[in-house]
Structure formats: C-alpha cells, structure tokens
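These notes concern the structure reproduced below.
Every number here is computed from the coordinates shown, using simple stated rules; none is lab data. It should be emphasised that the depicted structure is a prediction, and the values quoted were computed from it without experimental measurement. Because the Cβ atoms are built from the backbone with ideal geometry, glycine has one as well, and the counts that use them run over all protein chains shown.
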Amino acid sequence: MKTFTLKQLRYFDALARHGHFGQAAAACAISQPALSVQIRELEDTFGAALVERGARAVRVTAFGADLLPRVIDSLCIDLVEAHNGCEQITLIANSQEPDTADLIILTDRRTDPGGEPLAVIRQIAFNGAMWGMSPSLEAGEDGTLLLNSEQTGMGRHPWLQTLEITYLDADTGFAVTGYHYTTYDRMSAAGFTCDFDMAGGHIHMESYDIDPETEQEVVTEEDFNLTPARMPLHLWQAFQESPGPCGDGLSRFFETQF
C-alpha cells in the first residue's frame, strides 16, 4: 500500500468535521480544488472512498469512519515557547503495525494552518487498544509532554512506562528528558521501578522481592548521580523494555552521548 502524508490526514479530518469541501478548504488554508486532489490521493492510497460527494455536502463513508478512530489521543499544549499558540500532539495507530502508535507534533493550526510537522515519530509506543491498554498523552510540568503506555493485560511481566518529552532547541528538537518504568513478575511478585531524571542527571531505582522466610516484601533502593543527558526523541523505539533492571540504568544515561 502507498503511504499517506500527515497533511492528507489533517485535510480528511477537517472535511469530516465540516462536511463541506469549501469550509474544510478554508479551515486548512488551501483551495477547494487542491483539497479535492488531496482527498482523492488519500482514497487512492487506501483503495476505497472516504466520503460520499453530494451536491451541497459530503458524508463520511463507513470506511472513512473506520479510519478516523485510528486517532488514539490528542492534546494541545505549549511545548515550543518561540511559537504562537499551542502545539497539537496526536497519537495515531501505525498503519502497518496497529499494535504500535505514532506520535505527531504539529504547530497550532489556528496560527500556522499550513505548517510542516515539528516531529513525526513512528512506532514510539505500544498500542494495546483491543485489550484496553491504549497509550495516552498528558501535560507535564514546565512545558513538557508525558507519553504513557502499558502492557498490563497479558504475559508474566506486565509493565508501565512514561516518557517525559521536552523541546530543547532548534538544532536538537524534541528529546526524552525523563523516563519512568515499572514491572513485576506475576508468579513471584518480585519487580522493580526506575525513575530517570535525564535532564537533572539522577536515577532512582527500587527493587521489590518477597523474603522466603518472613514472606514480607523487601524493598531495596539505589540512587545515582550522573552527567545530565538527553536522548533525541527520534531514537526512542517502540516496545522499549528495560530489564536488568531498567536496562542497567539505560546504560547509565547512554554509553554514547548525543
């Protein structure tokens, strides 16, 4: 299957909301014929009609209505101080691997309707929508974005993780500046939790186990202070599991500094 562009998805979303090519074109700051061409190309990509065209209005087809729910979550927060308005952040199910989600960060449509995406990160998170484990977005402190994901409904080792995403500068763009990961063994109840403050240069780890003699939980805590680090967002991979514990402190803030 041919690939589609983010702009085409934005155009289709606008058309579905307005139900009219003229109004949708105005909202997207493009001409009506250009919008029509983009929607046709998107339909060619999927090999099916997305809308039924009428004399005065359009109606989304069953296939088009099925496409729209691929949007998992969206949020509008101010991530980039230099830009007016808030950035539109969207999680959408990956078209090739629906068990993963893509993260899309766009400029504010109201102030920059035709702007290019600030970031497009493919397969950044596990998407277990059919098991009630969809990833989610949340506004963090000091203009950060939190991306939460989980795999808690299957397997012996369920896990939860949160990425803290921060816009650093025009050269670096977005980076992972914080990371939380927790998991446990359903059989033994042993587990561990890691909190990484990459921007501040600190790791806090806790491991949990059951004392076989007392049958009481034993908690061990460790703290490490390291040189602050950052991981460019585009290097983060989906299903990034962190055993050992927590990837040996993500190799103690990455063996290679970026």
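The stretch 147-207 and the stretch 23-56 have Cα centres spaced 41 Å apart.
Here the average projected area of the convex hull drawn through the C-alpha atoms of the stretch 19-89 stands at 6.1 nm². Using the Cβ of residue 146 as centre and a radius below 11 Å, the other residues enclosed give a net charge of -3, where K and R count +1 and D and E count -1. A viscosity of 0.692 mPa s and a temperature of 37 °C, combined with the Kirkwood radius over C-alpha pairs in the Stokes-Einstein formula, give the stretch 116-185 a diffusion coefficient of 245 µm²/s. Projected onto its three principal axes, the C-alpha set of the stretch 101-224 covers 65, 37, 19 Å, listed from the longest axis down.
Per the Cα gyration tensor, the stretch 189-239 maps to an equivalent ellipsoid with semi-axes of 30, 15, 5 Å, ordered largest to smallest.
The residues packed around residue 101, meaning those with a beta-carbon under 14 Å from its beta-carbon, carry a net charge of -3 if Lys and Arg are +1 and Asp and Glu are -1.
Which of the three applies to the stretch 6-60, rounded, prolate or oblate, going by the alpha-carbon gyration tensor with a ≥ b ≥ c and a/c under 1.5 meaning rounded? Working shown, then result.
Details: a/c = 1.62, a/b = 1.14, b/c = 1.43.
In terms of gyration-tensor shape, oblate.
Across the alpha-carbon set of the stretch 28-179, the Rg to Rh ratio works out to 1.02, Rh being the Kirkwood radius. Relative protection proxy for 19-25, 170-176, 119-125, 219-225, from highest mean packing down: 119-125, 19-25, 170-176, 219-225 (other beta-carbon atoms within 10 angstrom). For the stretch 6-60, the relative contact order works out to 34 percent when only alpha carbon pairs closer than 8 Å and six or more residues apart are counted. For 197, 211, the sequence from fewest to most other C-beta atoms within 10 Å is 211, 197.
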